[in-house]
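Colleague: This is the structure, below, for whatever I ask next.
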Amino acid sequence: MDRSIRTVDDVLKLLDGLFARDADRWTADAAEWWDGFYADRDKPVPFFVAKPDENLVSYAERGLIAPGRALDLGCGPGRNALHLVSLGWEVDAIDLSPQAIAWAEDRAREAGAEGAGVRFHCADAFALTAAELAELGGPYDLIYDSGCFHHLPPHRRVSYLALLDRALAPGGHFALTCFAAGEQGMGSEVPDPDLYRESRLHGGLAYTPESLRWIFSDGLTEIELRRMYDEPPESPAFGEAFLWTGLFRRDARIG
């Protein structure tokens, strides 16, 4: 007889186990899968380019965000973290994959940014305690997520919101890009309950603007929510219209 459920974390881990092992893209056990994904740096993956997201560039150019301390979730090869550093931010960038972190560190050296305002960490951001986040340098003025959120199963939105609550400073900004609903093949529109019945995430979940507004409605004020702009190959920024981009500000009274 197994009566092991006592805490919310126990429930979340039980729900993790309802998915097939090869569906995991969100826990430390997924590091090996992501290592395989990042092993070939010449693979024709759109976001392998050494360019920042166009929306992140736009936020800074329009004065919607100003340099401070930033946390880059699921940083991959570090393209957005390095852009923030170039604008004067101090950045902690986290990814599950040692391969991704190694590539990001190589890019930092090539850009002359090694040790100049950016620290790369191979870790599970959702497993970090408030004390560990404080040791890293939080709370943060900006939390940026380019393609991490849509790889989470529904129940791990609870973990995600808890991380924002622990790590985002009052008055700070949260920004993300994620798969947009209605783009055939670029994100699953399978309803949440059916994902558990099928034990898989279909490569990532698509969201509508209404669902994003609802998920991030508690203590966060929407600044901008739109499709990412398509960017041509010669553009200095990355952009694909199958993604949503969102910028939210945390209520300054929360703390």
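The values are calculated or read from the model by the stated rules, or taken from the named source; none is laboratory data. Owing to the predicted nature of the structure, the values given are computational and were not obtained by experimental measurement. Virtual Cβ from ideal backbone geometry, glycine too; neighbours counted across all protein chains shown. Heads up: the accessible areas ignore ligands, DNA and RNA and are worked out on the full protein's heavy atoms, side chains in. Shrake-Rupley method; radii C 1.70, N 1.55, O 1.52, S 1.80 Å.
Colleague: At what distance in nm do the modelled label points of D22 and D230 sit from each other, each positioned 7 Å from its Cα along Cα→Cβ?
Modeller: Each label point lies 7 Å from its Cα, and together they span 3.3 nm.
Colleague: Out of every Cα-Cα pair in the stretch 132-212, what percent are more than 14 Å apart?
Modeller: So the portion of pairs separated by more than 14 Å is 67 percent.
Colleague: With all protein chains present, how much of the accessible area of the chain (probe radius 1.4 Å) comes from carbon and sulfur, to the nearest whole percent?
Modeller: Numbers: 6500 of 12230 Å².
Carbon and sulfur atoms account for 53 percent of the accessible area of the chain.
Colleague: Using helices alone, what [θ] at 222 nm do you get for the chain, with -39,500 (n - 2.57) per DSSP H run of 4 or more residues, divided over all residues and rounded to the nearest 500?
Modeller: Calculated from helices alone, the mean residue ellipticity at 222 nm is -8500 deg cm²/dmol.
Colleague: Roughly what % antiparallel, to the nearest 5, for the DSSP beta bridges in the chain?
Modeller: That works out to approximately 40 percent antiparallel.
Colleague: Answer with a single label: of [x] 27.2, 104; [y] 17.6, 61; [z] 17.5, 54, which was calculated as Rg and Dmax of the Cα atoms in Å from the structure in view?
Modeller: [y]
Colleague: So what is the orientation-averaged projected area of the stretch 1-91, using the convex hull of its C-alpha atoms, in nm²?
Modeller: 8.8
Colleague: May I pose another question? Sequence gap at least 6, Cα distance under 8 Å: using those rules, report the relative contact order of the chain to the nearest whole percent.
Modeller: 19
Colleague: Peptides 166-178, 116-128: what's the order by average Cβ count within 10 Å, highest mean first?
Modeller: Those peptides, ordered most packed to least, come out 166-178, 116-128.
Colleague: Sorted by packing (mean other beta-carbon atoms within 10 Å per residue), highest first, where do 91-97, 21-27 land?
Modeller: Top of the packing list down: 91-97, 21-27.
Colleague: Would you kindly work out the equivalent ellipsoid of the stretch 113-255 from its C-alpha gyration tensor and give its semi-axes, the square roots of five times the eigenvalues, largest first in whole Å?
Modeller: On the way: eigenvalues 126, 80, 54 Å².
Calculated on Cα positions only, the semi-axes equal 25, 20, 16 Å.
Colleague: Given H placed 1.01 Å from N in the peptide plane, which residues other than close sequence neighbours of G137 have an amide H under 5 Å from its amide H?
Modeller: Here nothing satisfies the definition.
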